[in-house]
1. Given the structure, is Pro209 within 28 Å of Pro250 (Cβ to Cβ) and touching a Lys or Arg at 6+ places or on another chain (Cβ under 6 Å)?
2. Working only within the stretch 135-171, note down all residues that are under 20 Å from Met78 (Cβ atoms) and either assigned by TED's automatic domain parsing to the domain that holds Gly201 or of a type in the set (Asp, Glu) (or both).
3. Given the conditions (1) touching a Cys at 6+ places or on another chain (Cβ under 9 Å); (2) surrounded by fewer than 21 Cβ atoms within 10 Å (Cβ to Cβ), which single one is not true for Pro31?
4. Of the conditions (1) touching a residue at least 12 places away in the same chain (Cβ under 8 Å); (2) closer than 19 Å to Ala34 by Cβ; (3) within 19 Å of the chain's Cα centre (by Cα), Ser130 clears all except one; give me its number.
5. Could you give me the residue pairs with C-beta distances under 6 Å whose first residue belongs to the stretch 203-215 and is within 10 Å of Phe237 (Cβ to Cβ), whose second residue is of a type outside the set (Ser, Thr, Tyr) and not in a helix (DSSP H, G or I) wherever it lies, and which are 6+ apart or on separate chains?
6. Give me the residue from the stretch 60-114 that is polar (S, T, N, Q) and in contact (Cβ under 8 Å) with a residue 60 or more places away in the chain and, out of that set, farthest from Glu6 (Cα to Cα).
7. Only one of (1) over 18 Å from the mean Cα position of the chain (by Cα); (2) in a loop (DSSP other than H, G, I, E, B); (3) surrounded by fewer than 19 Cβ atoms within 10 Å (Cβ to Cβ) is not met by Ile262, so which one is it?
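The values are calculated or read from the model by the stated rules, or taken from the named source; none is laboratory data. This one's a predicted model, so the numbers in the text were calculated from it and none came from an experiment. Positions of Cβ are backbone-derived with ideal geometry, glycine not excepted, and every protein chain shown enters the neighbour counts.
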Amino acid sequence: MPELVEVETVRRALSPLLTGATVVDAVVLHPRTARRNERPEDVVDRLRGRRVQTVGRHGKFLAMPVDGDLLWVIHLGMSGRIVVADPSDPLEVHTRFRACTDRGDDIRLVDPRTFGFVAVFTPEEAAVSSLPNLGPDALEELPSTRRLAERLANRRAPIKALLLDQRILAGLGNIYADEVLHRARIDPVRPGGDLDLEEVGRLRRAIRPVLEAGLRHGGTSLDDLAYLLPDGRAGDFLRRLRVYGREDQPCRRCGTPIIRRIVAGRSTYSCPSCQR
């Protein structure tokens, strides 16, 4: 579930804790979590004793350069979350990875379904990972209207599916794609290549306000609380969503009941009156 907003919220929380800190120890507690490296020991050996240069993000990936020309990458998957704890605190159930710094912070990945991962890549490994295939970041590198239209040109897939395609634009997931499309007044099932330049402009102009609103409120914690902030608080954007999860409730713009459909295998919420 964590999307760009949630990962950026985590990045902002981790940045003052990790930037310039040295990882004094690391432990992989589930081998699947380290599956992007050849061996789980690679993650531990490459992190231990290394200084974190900065805490970055691209799309849904945390990307942290560390000394030795290595890149520490964390992806939260569907159910992962980052916990910042004291090293003496008991481990939560489903803790899959932990790294302790010389500042006394224990950075933990809690991931019940083990869809997330932690990796430490050499430059050669990073070059053949999924990172170079990501499109521009939806918050930091939003393409111009014309460039975005070029990315959507001749595509017959529904625009909702194309917004979820991380090769076109990195970071949008199910929740925020629905919110963007509602703000832009575009039907999620419209073929992406059918949007004219004015509609693509509306789409582009909707992306940043939706993401920035999510960031202001700490992201979206659903009822399952799969996503929490690193300090354990829930994100507060859920009650401000315009369409996502609001089937049969009135559209906040026109009052028409929100409908739910399946698009690209994902539950998709929209207003049949506003979005055409």
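1. On the way: within 28 Å of Pro250 (Cβ to Cβ): yes; touching a Lys or Arg at 6+ places or on another chain (Cβ under 6 Å): no.
So Pro209 does not fit the description; no.
2. Going residue by residue through the stretch 135-171, those that are under 20 Å from Met78 (Cβ atoms) are 138, 160-161, 163-167, 169-171.
Scanning the stretch 135-171 gives Lys160, Ala161, Leu163, Leu164, Asp165, Gln166, Arg167, Leu169, Ala170, Gly171.
3. Against the list (1) touching a Cys at 6+ places or on another chain (Cβ under 9 Å); (2) surrounded by fewer than 21 Cβ atoms within 10 Å (Cβ to Cβ), Pro31 comes up short only on (1).
4. Unmet for Ser130, out of (1) touching a residue at least 12 places away in the same chain (Cβ under 8 Å); (2) closer than 19 Å to Ala34 by Cβ; (3) within 19 Å of the chain's Cα centre (by Cα): (1).
5. What qualifies is Gly214/Phe237.
6. Our first condition is that a residue be polar (S, T, N, Q); within the stretch 60-114, this holds for 79, 88, 95, 101, 114.
Filter once more, so that each one left must be in contact (Cβ under 8 Å) with a residue 60 or more places away in the chain: 79, 95, 101, 114.
On the way: Ser79: 12, Thr95: 19, Thr101: 23, Thr114: 18 Å.
This residue is Thr101.
7. All conditions are met except number (2).
Matching residues to (1) among the β-branched types (Val, Ile, Thr); (2) under 23 Å from Gly56 (Cβ atoms); (3) at pLDDT 95 or above:
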{"site": "Arg155", "(1), (2), (3)": "no, no, yes"}
{"site": "Arg167", "(1), (2), (3)": "no, yes, yes"}
{"site": "Arg190", "(1), (2), (3)": "no, no, yes"}
{"site": "Gly214", "(1), (2), (3)": "no, yes, no"}
{"site": "Leu225", "(1), (2), (3)": "no, no, no"}
